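The numbers here are math on the coordinates, done by the rules we state, and not lab data. Source: prediction; values computed, not measured. Cβ atoms come from the backbone with ideal geometry, glycine included; neighbour counts cover every protein chain shown.
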């Protein structure tokens, strides 16, 4: 396994992070235990979860994933071996704190205490804001449109002040964000420095061969400010495995079971998948290995969050750590990208 520093901390996190969002919907607790056991055997020390999980988010699935991880900690008695990341859900989910779970001190405290109870632990290593309170162009939206009716949302300083309280209490160690923009990231870092408040150590955003939008405005900040990317959807919700090519819709796949990822299968994206499939074939690697190795190679990436519903998928994803892409392959990737940039943001 390879390791990189989390922000400017002294924590070395594995370049492959175990994603957990299917546990409780597509995966049973026994399957989750098997995935965690195998992952630590492969040198992974970084797990990512959220109070919202499992996915798709519902009132019935809320908190199930954290409960499974907590049960594993209790049984294995190895909490100290894992750098654990979780998240507080932003507003909009009516089953979470009445749908008004703004990032104020009270709501953050309720969320942290709930996660700690489910996770059966006294602390969370990295606590992240799952998405901003304010209106942004996240979750597949390309352009930004100001929502004039969004109402009052807590300013960045008050959020950092609230998180600072729980860092000082020992309930969380470091903080990060998810689904953020260059504006949000730069404002948080600026206020942290000027007000001597905790700084964001990471950003969890989507990034893949078919969504390299992070490179446009965020990557420079990540490198210069030591606030790296925790990648989610490195396989474009599974589409970069190639399993949806040629009109296929595998039984029990995410796309066949649930709505919400249709943007991954648009015509431009399908064209790109075909090109990346041919490139992988040409160099005698799988499409998954190509996609994951590309993400692993990026200098602004702190960790690549991989998810799997089968052990076969998990092993292939983790195995990508051993794949090195030479300059010829990288040049061909960029050629494909330049002809069809970011078809699945």
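All Cα-Cα distances of the chain, cut into 10 Å bins from zero to the largest, leave 5, 26, 36, 25, 7, 0 percent in each bin in turn.
When the chain is fully extended, how far beyond the present Cα-Cα distance does residue 331 get from residue 42, taking 0.36 nm per residue of separation?
Here the answer is 101.0 nm.
Over the chain, what is the percentage of antiparallel beta bridges among all DSSP beta bridges, to the nearest 5? Roughly 10 percent of the DSSP beta bridges within the chain come out antiparallel. Protection proxy ranking of 334-341, 211-218, by the mean of other Cβ atoms within 10 Å over each peptide's residues and highest first, is 211-218, 334-341.
Rounded to the nearest 500, the 222 nm mean residue ellipticity of the chain from helices alone is -12000 deg cm²/dmol, with -39,500 (n - 2.57) taken per DSSP H run of at least 4 residues.
Could you order peptides 271-277, 324-330 by the average number of other Cβ atoms within 10 Å of their residues, highest first? Walk me through the numbers on the way to the answer.
Details: 271-277: 19.3, 324-330: 11.9.
Highest-to-lowest ranking by the protection proxy: 271-277, 324-330.
With contacts taken as Cα pairs under 8 Å and at least 6 residues apart, the chain reaches a relative contact order of 18 percent. With the gyration tensor restricted to C-alpha atoms of the range 83-240, the semi-axes of the equivalent ellipsoid amount to 24, 18, 18 Å, longest first. Summarising the label geometry, the points placed 7 Å from Cα in the beta-carbon direction at residue 106 and residue 324 lie 5.6 nm from one another. Sorting the segments 39-52, 22-35 by their residues' average number of neighbouring beta-carbon atoms within 10 angstrom, most packed first, yields 39-52, 22-35. Kirkwood analysis of the range 188-345, using all unique Cα-Cα pairs, places the hydrodynamic radius at 16.5 Å. For the range 14-83, the Kirkwood radius over C-alpha pairs fed into Stokes-Einstein at 37 °C and 0.692 mPa s yields D = 273 µm² per second.
Placing R0 at 45 angstrom, the Cβ-Cβ distance between residue 252 and residue 142 gives a FRET efficiency of 0.90 after rounding to 0.05.
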